[in-house]
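Worksheet: the structure to be examined is printed underneath.
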Amino acid sequence: MKITAIETVPYAIPYTKPLRFASGEVHTAEHVLVRVHTDEGLTGVADAPPRPFTYGETQASVTGVIEKIFAPQLTGTNALAREQVHALLHRTVGNPAAKSAIDMALWDIAGQALGLNVSTLLGGWSDRMRVAHMLGFDAPERMTAEAERMRDTYGITVFKVKVGRRPARLDLDVCRALREVLGAEAELYVDGNRGWTASESAAALRELDGLGITLAEELCPADDVLGRRRLVRQSPVPFVADESATTPAEVTRSLLDGAATAISIKTARTGFTHSQRVLFQCEGLGAEVVMGNQIDGQLGTVCTVVFGAAHASSSRRAGELSNFLDMSGDLLTEPISITDGTLAVPDGPGLGVAIDPEKLGRYRQDR
Ligand code: MUC
Ligand code: MG
């Protein structure tokens, strides 16, 4: 089964509520839908969410690199020969979202060809994951109200709180208010997106420890090598590398260098193939993982739950699977939904989802 074409469709869907965090903010999902076509009539699909403030990609760069470099290189290649595909993609540095979308679309094709869900192909551990909701910067009362709404409407009890503002008191007040409002049974963890220095982070961690925080993510820059190592050594909870460890090699270096003790896996940047390499490496080295969110829409969220639910170690912690709830629209024929704090892997071969042409028509920007 040969790849015949790779189609890119840029689209834009506004958020009903922008997500703000220490390294940026997102008001509109300006993503690229990637479709890989084959000579046997099967088409695989995946989403590429460019994050200029993290990886340097834009909607135009994703479309450009696929049209100008990847599609010409991959056309004619066996759609099931992922090692060959990755050898070709590897000739170009960077472009993680563009490469990952192609990788996941190829897994979608493999699943459809075999009549199996990709989650079964990857490992088949479970049919669902517990959901963690990410709370962006806002006033404490608005963040607690959002957390309560998520708990009361969707049964979500795990929250990742964006921190990294100055003064740190702003974020510490939020965490205290959340603990007070949600009680002891809620799980809280924090993500600083490198907003603080190592010393500021250490001071914040001392206060957060009393609030029963379970993970600390990217509180300070990993490039401040010694400060970061010192912080990670004294952290009372696993210290998660996210944007500082975006490839299997960076993950290894980060763990061995003492820049992190846990890893955020985002299928939007490592696809399924490299996410598995990251996961298995983490298992071998004894590092925990958390399934992260690249501010994904429903298609991206499906990819995260398909991967996360596939393995015992990636589904041990709740996955960040809920930020699509803040989008004003979506592309899937059957919307996904969170119930009792969990999200199910869609039924059916491949990724188990289909794109609604009418919805895509509404949001696409190329026509
Ligand atoms: C996170 O975990 O940092 C913010 C930007 C992005 O790409 O992901 C988020 C969440
Ligand atoms: Mg993060």
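Computed quantities for the displayed model
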item: The stretch 69-84, residues that are of a type in the set (V, I, T) and within 23 Å of G56 (Cα to Cα); result: I69
item: Residues of the stretch 1-25 satisfying the condition of being within 20 Å of the chain's Cα centre (by Cα) and either under 16 Å from V161 (Cα atoms) or basic (K, R) (or both); result: K17, P18, L19, R20, F21, A22, S23, G24, E25
item: Per-region count, the stretch 1-16, residues polar (S, T, N, Q) and surrounded by fewer than 21 Cβ atoms within 10 Å (Cβ to Cβ); result: 2
item: Hits in the stretch 165-180 - residues which are open to solvent by 10 Å² or more (accessible area, probe 1.4 Å) and either in contact with a Phe, Trp or Tyr (Cβ under 9 Å, 6 or more places away or on another chain) or closer than 22 Å to G319 by Cα (or both); result: R165, R166, A168, L170, R179
item: P236 being more than 13 Å from ligand 1 (Cβ to nearest atom) and in contact with an Asp or Glu (Cβ under 8 Å, 6 or more places away or on another chain); result: yes
item: Filtered residues of the stretch 17-38 (kept if more than 13 Å from ligand 1 (Cβ to nearest atom) and either outside the structural domain of P96 (by TED's automatic domain parsing) or open to solvent by less than 10 Å² (accessible area, probe 1.4 Å) (or both)); result: V32, L33, V34, V36
item: Boolean, T120 is of a type in the set (S, T, Y) and more than 15 Å from F272 (Cα to Cα); result: no
item: Residue within the stretch 224-238 that is within 23 Å of R20 (Cα to Cα), assigned by TED's automatic domain parsing to the domain that holds L256 and touching a strand residue (DSSP E or B) at 6+ places or on another chain (Cβ under 7 Å) present; result: no
item: Sole residue being open to solvent by 20 Å² or more (accessible area, probe 1.4 Å) and either within 12 Å of ligand 1 (Cβ to nearest atom) or at pLDDT 95 or above (or both), chosen from R269, R277; result: R277
item: Matching residues, the stretch 298-351, being assigned to a strand (DSSP E or B), under 21 Å from R277 (Cα atoms) and either in contact with an Asp or Glu (Cβ under 7 Å, 6 or more places away or on another chain) or open to solvent by 10 Å² or more (accessible area, probe 1.4 Å) (or both); result: G350
item: Hey, D152 open to solvent by 10 Å² or more (accessible area, probe 1.4 Å) and of a type in the set (D, E) or not; result: yes
item: Residue ID - least open to solvent (accessible area, probe 1.4 Å), chosen from residues in the stretch 47-93 that are small (G, A, S) and under 17 Å from the mean Cα position of the chain (by Cα); result: A48
item: Helices (runs of 4 or more DSSP H) enclosed by the stretch 71-174 - at least 1 residues per element that are under 20 Å from E217 (Cβ atoms), within 16 Å of ligand 1 (Cβ to nearest atom) and of a type outside the set (K, R); result: 96-114, 140-154
item: Matching residues in the stretch 233-257 - criterion: being assigned to a loop (DSSP other than H, G, I, E, B) and farther than 18 Å from D191 by Cα; result: T247
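The values are calculated or read from the model by the stated rules, or taken from the named source; none is laboratory data. Just so we're clear, the structure is a prediction, and the values are computed from it rather than from any experiment. Cβ: placed from backbone, ideal geometry, glycine included. Neighbour counts: every protein chain shown. Accessible surface areas use protein heavy atoms only, side chains included; no ligands, DNA or RNA. Shrake-Rupley method; radii C 1.70, N 1.55, O 1.52, S 1.80 Å.
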